[in-house]
Amino acid sequence: MTVAFSTSALELPLKHPFKIARGEERVARTVLFRLGWNGLEGLGESVPLTRYDETVESVRTYFDANPPDTALPRRATDRQARLFGADGLEVLAKSKVAVIGGGGIGMLAIQWLSMLGVGELVLIEPGRIKQENRTRLPGATRWDAAGGDRERRGPEMILRSLGLVGTKKVNLAKRLARKAAMGTKVTTLRTMVSDPAVLRQLVDSDFIVLAADSDSARYAANRVAHQYLVPVIQAGTKVQRREDASVADVFAVVRPVLPDQGCLRCAGLYSSAGLSYETVVGIGGGQRDYGTGEPAPSVVGLNAVAASLAVSFVQFWLTGLRRANTADNLFVYPLDDVLQAGCSVRDSSCPTCGDGGVTGWGDLRPLRIPSPRVTKKSGD
């Protein structure tokens, strides 16, 4: 993963002759530098100084004999290469990972996958940054919550100036990938998972990280995982409270969804009733259960536990280091320092993974996702 470096002579005809006491020039001669890496190209120039007896040829000769150190990207990934190897890094650079939901877990996944050097990330997230969610979003600032997108046009300009409209979460995702400087391309979709454009991106992905809380999002990811054999990892957190509102238990969980195990419907993470409710009543804000079935607090540290488990699963799966017989649900109970694995369940009558389900059918079966109503933007 080195940077390609080259020089060439560039002659630029001057519109008007440049005359001084020592002579006249009609062409500006310079050296053009090109740097290329991972589909990106940078250009620069060096103008030879005649007072130091420099010429285009002498500058090029110098750099041919003393090329710059082009191993910077390799140094940036040296510690990762010691785990994944050069082939593993190349696999990551050519991989496409979709992230459903840009909340506390999803945005951490975007940041870390960018730092791993994943080639393309797709984020499905319609929301914006708000004061109540910015402390759980890596890289988000108070300015983002107060309208820091600088999209100053039309009526939105007034709302932003009043701090009523915050930065789009998808723009934060692009910012995080850009700062990671690993050449990751970020494709963003500010819409619901039922949108045909979203479904096309999910089907075309090498892996899906599910970090959204709606039944329709879980249904879509589960359906794509089985029908198109795209692996999914669902990540969530849960804080259980007693009747007196005191904390009873806290855990983070990741659930692999693979063609031969891990159906979200069989696990009870969505239901026909839940899908119907979202279609008729709509998705409201504040119901941040991330697959747990009840509203719960959201804290960055707990989100990080779930996100790290999910990203670890993705990186080891894509690079071939994941052991095939360890794809169980994984629970972390930080209050008790307990790490627990749980087996996934499968119902032979399930319309998705069952004997008469859609596993492996691909385009031979229609892919229809119920379209929920959105009553208001969610709080995370």
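The values are calculated or read from the model by the stated rules, or taken from the named source; none is laboratory data. All figures in this text were calculated on a predicted structure; none of them were measured in a lab. Every residue, glycine as well, gets a Cβ built from its backbone with ideal geometry; the counts of neighbours run over all protein chains shown.
Only residues that are within 16 Å of Leu302 (Cα to Cα) and surrounded by fewer than 19 Cβ atoms within 10 Å (Cβ to Cβ): list them for region 242-257, please.
Val247, Ala248, Asp249
For residues that are in contact with a strand residue (DSSP E or B) (Cβ under 8 Å, 6 or more places away or on another chain) and not aromatic (Phe, Trp, Tyr), scanning just region 312-323, find the one that is farthest from Phe84 (Cα to Cα).
Filtering first and then ranking leaves Val314.
For residues that are free of Cβ contacts under 8 Å to residues at least 40 places away in the same chain and among the small types (Gly, Ala, Ser), scanning just region 190-240, find the one that is surrounded by the most Cβ atoms within 10 Å (Cβ to Cβ).
By that ranking, first place goes to Ala225.
Could you check, for region 61-68, whether at least one of its residues is at positive phi and surrounded by fewer than 17 Cβ atoms within 10 Å (Cβ to Cβ)?
no
From the set of residues in region 1-43 that are of a type in the set (Gly, Ala, Ser) and at negative phi, which is surrounded by the fewest Cβ atoms within 10 Å (Cβ to Cβ)?
Within region 1-43, the subset of a type in the set (Gly, Ala, Ser) is 4, 6, 8-9, 21, 23, 28, 36, 39, 42.
This time we only want the ones that are at negative phi, so: 4, 6, 8-9, 21, 28, 36, 42.
Details: Ala4: 10, Ser6: 13, Ser8: 11, Ala9: 13, Ala21: 4, Ala28: 12, Gly36: 14, Gly42: 10.
Top of the filtered list is Ala21.
Checking the structure you have, find out if any residue of region 18-31 is modelled with pLDDT of 85 or more and within 30 Å of Glu90 (Cβ to Cβ).
No.
State whether the residues of region 331-344 include one that is part of a helix (DSSP H, G or I) and either exposed (fewer than 11 other Cβ atoms within 10 Å of the Cβ) or not assigned by TED's automatic domain parsing to the domain that holds Glu90 (or both).
Looking for residues that are part of a helix (DSSP H, G or I) and either exposed (fewer than 11 other Cβ atoms within 10 Å of the Cβ) or not assigned by TED's automatic domain parsing to the domain that holds Glu90 (or both), one finds none in region 331-344, hence no.
Can you tell me how many residues within region 54-92 are over 22 Å from the mean Cα position of the chain (by Cα) and modelled with pLDDT of 90 or more?
Residues in region 54-92 being over 22 Å from the mean Cα position of the chain (by Cα) and modelled with pLDDT of 90 or more: 11 in total.
Only one residue in Ala273, Ala304, Ala324 is surrounded by 13 or more Cβ atoms within 10 Å (Cβ to Cβ) and either closer than 29 Å to Ser95 by Cα or modelled with pLDDT under 90 (or both), so which one is that?
Every option except Ala304 fails the conditions.
Could you please give the count of residues in region 354-372 that are under 27 Å from the mean Cα position of the chain (by Cα) and either closer than 21 Å to Asp213 by Cα or acidic (Asp, Glu) (or both)?
Count: 7.
Considering every residue within region 238-249, establish whether at least one is among the aliphatic types (A, V, I, L, M) and in contact with a helix residue (DSSP H, G or I) (Cβ under 7 Å, 6 or more places away or on another chain). Don't jump to the end; show me each part of the working.
Restricting attention to region 238-249, the residues satisfying the condition of being among the aliphatic types (A, V, I, L, M) are 239, 245, 247-248.
Still in the running and in contact with a helix residue (DSSP H, G or I) (Cβ under 7 Å, 6 or more places away or on another chain): none.
No, because not a single residue in region 238-249 is among the aliphatic types (A, V, I, L, M) and in contact with a helix residue (DSSP H, G or I) (Cβ under 7 Å, 6 or more places away or on another chain).
For the condition part of a loop (DSSP other than H, G, I, E, B), aromatic (Phe, Trp, Tyr) and under 22 Å from Ala310 (Cα atoms), what is the one hit in Tyr270, Tyr219?
Result: Tyr270 is the single residue among Tyr270, Tyr219 that is part of a loop (DSSP other than H, G, I, E, B), aromatic (Phe, Trp, Tyr) and under 22 Å from Ala310 (Cα atoms).
Only one of these is farther than 17 Å from Gln234 by Cα and either at pLDDT 95 or above or part of a loop (DSSP other than H, G, I, E, B) (or both): Ser348, Ser312. Name it.
Ser348
Is it the case, given these coordinates, that Ala98 is closer than 24 Å to Thr187 by Cα and in contact with a helix residue (DSSP H, G or I) (Cβ under 6 Å, 6 or more places away or on another chain)?
Yes; evaluated as a whole, the condition is true for this residue.
Residue-wise test of (1) out of contact with any strand residue (DSSP E or B) (no Cβ under 6 Å at 6 or more places or on another chain); (2) more than 15 Å from Met182 (Cα to Cα); (3) of a type in the set (S, T, N, Q).
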{"position": "Lys19", "(1), (2), (3)": "yes, yes, no"}
{"position": "Gly23", "(1), (2), (3)": "yes, yes, no"}
{"position": "Val27", "(1), (2), (3)": "no, yes, no"}
{"position": "Val31", "(1), (2), (3)": "no, yes, no"}
{"position": "Gly36", "(1), (2), (3)": "no, no, no"}
{"position": "Pro48", "(1), (2), (3)": "yes, yes, no"}
{"position": "Glu54", "(1), (2), (3)": "yes, yes, no"}
{"position": "Glu57", "(1), (2), (3)": "yes, yes, no"}
{"position": "Gln80", "(1), (2), (3)": "yes, no, yes"}
